[in-house]
1. Is it fair to say W84 is touching a Leu at 6+ places or on another chain (Cβ under 6 Å) and assigned to a helix (DSSP H, G or I)?
2. Taking the residues in the stretch 81-97 that are more than 17 Å from W124 (Cα to Cα) and touching a residue at least 12 places away in the same chain (Cβ under 8 Å) as candidates, determine which candidate is surrounded by the fewest Cβ atoms within 10 Å (Cβ to Cβ).
3. Of the residues A38, A78, A100, only one is surrounded by 12 or more Cβ atoms within 10 Å (Cβ to Cβ) and at pLDDT 90 or above; which?
4. Scan the stretch 8-21 for residues that are of a type in the set (D, E, K, R), within 18 Å of the chain's Cα centre (by Cα) and surrounded by fewer than 18 Cβ atoms within 10 Å (Cβ to Cβ) and jot them down.
5. Restrict the check to the stretch 105-121 and report whether at least one residue is modelled with pLDDT under 90 and assigned to a loop (DSSP other than H, G, I, E, B).
Amino acid sequence: MALLVGDPERDRAAHELQRHYREGRLSVEELAERLETALHARTGMQLRSALNELPARWAAPGALRSPAQALRNAAILAGTAVVWLFWSIGMLVAFVAWLAANGPSLGALLAFPLVWFGASWLLWAGSKRRRSRR
């Protein structure tokens, strides 16, 4: 089954072709031909044919990926979301327990949100790095 593409993917391919033209890799005629192919593409394979033999810069978010890579990235994202959810719930329980045992204090009111935010940011950054690997 062919992977269908929409306007955002065609636009990204057109911008990529224009970049290659600006960098001197394509003539005006070849740019026009490849743009026509890209803008009329209905599947990912047709869209990739417009970019054949050009240096790839497809590490950008939202770039064309194989279905296996898209599935892998979705699994990484879902796993990260589950870990983050459990982390957040655990931090909330620990925060409430701390408040119940010790009462509100400036240290707790600052420390818990900072630790939660810092760990959440590190989790997201690590997930982003794993998703960007090929």
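1. So W84 passes the test.
2. A94
3. A38
4. Correct list: D11 only.
5. There is at least one residue in the stretch 105-121 that is modelled with pLDDT under 90 and assigned to a loop (DSSP other than H, G, I, E, B).
The values are calculated or read from the model by the stated rules, or taken from the named source; none is laboratory data. In this text, all values refer to a predicted model and were calculated from it rather than measured experimentally. Note that each Cβ is placed from the backbone with ideal geometry, even for glycine, and that neighbours are counted across all protein chains shown.
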